[in-house]
Amino acid sequence: MWDKIKSSFMHSITILWARAVACAGLALVAVEALLQDPSVSAAVQSVLQPKYVPYYVIGIGLVTELARRRSLAKGE
């Protein structure tokens, strides 16, 4: 089963990470409809404050580079 899961992202952690980021984006789009509710909107805004967005981007970039370096280390 694990081999089947790994083959779904071509045994590449970089592809797995890219898909995870894309899924997170899709989840945020799906939740957008719920943001019309003021209580949900306030809860999300308290977690995803605009002042933290640069740190999220830096974190995503670091994880992406680490994933790619891991792939390069394996000789891919």
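What the table below lists for this structure:
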read-out: Unmet criterion (only one of (1) β-branched (V, I, T); (2) touching a helix residue (DSSP H, G or I) at 6+ places or on another chain (Cβ under 7 Å); (3) modelled with pLDDT of 75 or more) for V47; value: (2)
read-out: Y52 being surrounded by 10 or more Cβ atoms within 10 Å (Cβ to Cβ) and more than 15 Å from the chain's Cα centre (by Cα); value: yes
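The values are calculated or read from the model by the stated rules, or taken from the named source; none is laboratory data. Bear in mind that the values here come from a model prediction, so they are computed numbers and not experimental data. Don't worry about glycine lacking a Cβ; one is built from the backbone with ideal geometry, like all the others, and counts go over all protein chains shown.
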